[in-house]
Amino acid sequence: MAEYEVSIESLCYGGAGFARLDGKACFVPFTAPGDTARVRVIKEKRSFVEAELLELVAASPLRIEPSCPVFGACGGCDWQFLSYAEQLATKGTIFTDTLSRIGKVPREVVLPVSPSPECYGYRSRVQLKVSRHKGALRLGFFRTGSHDIVDFGAGCPLAHELLNRMADEFRSILSRLPHGETVQQLDLAMGDDGEGIAILHCREARPEQVAEELAAARDLIPSVSGAYVKRGGKGELIRAFGIDSLSYCIPADLFPGARQMRLRFSRGGFSQVNYRQNLELIRTVWEWAALTGKERVLDLYCGNGNISIPLAPYAAEVFGVEGFAPSIQDAAVNAEANGVENASFQVSDASLAVRRLAKRKERFNLVVLDPPRAGAEAAAELAQLEPERIIYVSCDPTTLARDLAQLQGAGYRVTRSKPVDMFPQTYHLESVTELIRM
């Protein structure tokens, strides 16, 4: 492919730098605004091209030295070459532009980005890829745009130190296990109390063998509180040893007059990767909900009750819906363990649940939704429930903007939207958006 010299003008959602090349948009990963770069075009479409960075002809004054020795090769993060203040400013601009352009949201209702208290060492979950090259074990993340694994050596600077210790212990034992060569992926997760769970994904036809070998090697992985083996994407989890769930605290001082809560999630279940910013999400939802104790609240995509259960003491009733059955089991356990008696939970597709509730003419004062990255299929139907307020927690600005456009077309108005930086050093962003029925 041809090589060119381009000037980087800005950063885009997706992490790449933006330049212009022969009248087309040109996207170049690992470049910063103000860079002059020599690039090679690797993909060309009608209106844009994608290119790889070959050389920095002139470096932007915005650049700082990345802390990770494999940054730029590893695809795990995007913006270590920018100061954290610059990352926040860039994220805020991209978020506001996306909501304005796609969702027709007034720019003035978008609040400043809520910064993460920690911009390194914040991750409580990682998915590590495992391979072998010339007999040597590789443990790390995929190289940008490929399935080649970049070994992160002493650890990932974004991960909590416990996860890096766990990874280092597995690095030592995987080559010793008789069936260790079958392990392709290592999922590590931790609670906020220092306990961690590992799930090993294997090609092995009988993962029970790997589980037995892990159990026998338990003393060699002391940082791991529980270990499981999984065969294939949808295979069952085989227990090797230890605990089956993790937990995190909702502190008493998060809301006025609140009591402390502890929420669990089962091995393999979802939890936010940045516990301190998760509290910011919950606090913001609570503040904007302005509950008086008389409201019916619907929580779609409720997971383990991460938002439902802290809100429940301030409402008359909370009803949570989630499609992943183990998370609903966790939510029910969490409600009982925390003395919450006015919350109930159901396993269901969110869209189907909304249609059923609307058919029964159920009404809710508040709907909270926290969908996956693909957004909320139920967004267009929420108006049928006639909630006075909708609070939408999102991890993807593009699908959020699409859904907000639908909700505004159904009679709702966006009153405020707060970006929350859950993922420093990357382009990813969480957010909370409030809509009021007009």
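The values are calculated or read from the model by the stated rules, or taken from the named source; none is laboratory data. This structure is a prediction, so every number in the text was calculated from the model and none was measured. For neighbour counting, all protein chains shown are included, and Cβ atoms are generated from backbone atoms with ideal geometry for every residue, glycine included. Side chains are part of the model used for accessible areas, which takes the heavy atoms of the whole protein and leaves out ligands, DNA and RNA. Shrake-Rupley method; radii C 1.70, N 1.55, O 1.52, S 1.80 Å.
Worth a mention:
- Charge tally around L407: other residues with Cβ under 12 Å, Lys/Arg +1 each, Asp/Glu -1 each, net +2.
- Taking the 1.4 Å solvent-accessible surface of the chain as the whole, the part contributed by carbon and sulfur is 50%.
- Normalised per residue, the accessible area of the range 138-230 is 42 Å², obtained with a 1.4 Å probe and no contribution from ligands, DNA or RNA.
- Computed from phi, the 3J(HN,Hα) profile of the range 426-434 under the Karplus parametrisation 6.51, -1.76, 1.60 (θ = phi - 60°) reads 10, 7, 5, 8, 9, 7, 10, 10, 10 Hz, with x in place of Gly and Pro.
- Across K24, K129, K104, mean-square fluctuation computed from a Gaussian network of the chain (C-alpha pairs under 10 Å connected) peaks at K24.
- Ranked by the mean number of other Cβ atoms within 10 Å of their residues, highest first, the peptides 10-22, 336-348 fall in the order 10-22, 336-348.
- For T398, neighbours were defined as the other residues whose beta-carbon sits under 13 Å from its Cβ, and their charges (Lys and Arg +1, Asp and Glu -1) total 0.
- Of all the options G76, G293, G375, the one that moves most in a Gaussian network model of the chain with Cα springs shorter than 10 angstrom is G293.
- Secondary structure note: in the chain, about 70% of the DSSP beta bridges are antiparallel.
- The spacing between the range 324-370 and the range 264-314, judged by their C-alpha centroids, is 12 Å.
- What you get for the chain, charging only the Cβ of Lys and Arg (+1) and of Asp and Glu (-1), is a dipole of about 900 debye around the Cα centre.
- Residue by residue, the range 309-315 carries 3J(HN,Hα) couplings of 6, x, 7, 4, x, 9, 10 Hz when phi is fed to the Karplus relation 6.51 cos²θ - 1.76 cosθ + 1.60 (θ = phi - 60°); x denotes Gly or Pro.
- Candidates L237, L188, L88: whichever shows maximal mean-square fluctuation once the chain is modelled as a Gaussian network with Cα springs under 10 Å: L237
- Rolling a 1.4 Å probe over the protein heavy atoms gives the range 335-407 an accessible area of 43 Å² per residue.
- In terms of overall dimensions, the range 5-48 has a Cα radius of gyration and Dmax of 9.4, 26 angstrom.
- Spherically averaged projected area in nm², based on the convex hull that wraps the Cα atoms of the range 198-278: 6.5
- Furthest towards positive pole of dipole, I197, L163, Q184, structure part the range 87-197, Cβ charges: Q184
- Charge tally for A315 (other residues, Cβ to Cβ under 11 Å; Lys, Arg +1; Asp, Glu -1): -1.
- 3J(HN,Hα) from dihedral phi, the range 208-221, Karplus parametrisation 6.51/-1.76/1.60, rounded to Hz, x for glycine, proline: 4, 5, 5, 4, 5, 5, 5, 4, 5, 9, 4, 5, 8, 10
- Neighbour cut-off at most 12 other Cβ (10 Å), DSSP loop, trypsin sites (Lys or Arg not before Pro), the range 256-299: R259, K294
- Entries in K294/K418; K134/K230; K24/K91; K43/K129; K104/K234; K24/K104 that, when Cα-Cα distance is taken, lie over 30 Å: K104/K234
- In the full protein context, the range 57-123 carries 47 Å² of accessible surface per residue, based on a 1.4 Å probe and ignoring ligands, DNA and RNA.
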